1. I'm checking my understanding of the structure. Among residues of the stretch 18-46 that are in a loop (DSSP other than H, G, I, E, B) and closer than 23 Å to Ser62 by Cβ, which one is modelled with the highest pLDDT?
2. Filter the stretch 9-27 down to the residues that are over 20 Å from Met71 (Cβ atoms) and either among the small types (Gly, Ala, Ser) or not assigned by TED's automatic domain parsing to the domain that holds Ser62 (or both) and list them by number.
Amino acid sequence: MFEMARSRSVSHAWKDKNILTHLETLIKLFAVKHLMDDSQFLFEMGFFTQGSSLLRDQAFKSLLTTLRPNMIPIVEFSPVMGRAIHTTIGNWHGDIYEQQLDVAKASRLNKTEVPPYYNSLMKPTMTMRKPNL
């Protein structure tokens, strides 16, 4: 899986060559995480020796440290970069709370009428106790 992902990412004609660096880090992170989850067989076969798990854990932390400054830009929507994924955790202009409010207002969950039981059952329960502050 690692080798297929790596060869495909290297052979792809990326519009922005900086993506390849981040993608390689993600692929390495994927591989190390799988080693963390299931490496017992490698220890039994003698491929890993004493101290290998410490090196593996250090490699994982190092990859996360490398990736951390780029996590939000990797997944956020940016019209400048032309990315197709849209999130509200970060955006190119920085006002995440305004964007979250806009997304919530436009949500399909806010398009329906209040259910008939809201006024008779839910609202009284929500307003019956007011805290004494």
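The values are calculated or read from the model by the stated rules, or taken from the named source; none is laboratory data. Everything numeric in this text was worked out from a predicted model, so none of it was measured. Virtual Cβ from ideal backbone geometry, glycine too; neighbours counted across all protein chains shown.
1. Taking the stretch 18-46 and keeping what is in a loop (DSSP other than H, G, I, E, B), we get 38-39, 45-46.
Still in the list and also closer than 23 Å to Ser62 by Cβ: 38-39.
Details: Asp38: 81, Ser39: 78.
Per the criteria, the residue is Asp38.
2. Keep residues of the stretch 9-27 that are over 20 Å from Met71 (Cβ atoms), which gives 10-13, 15.
Selection gives Ser11, Ala13.
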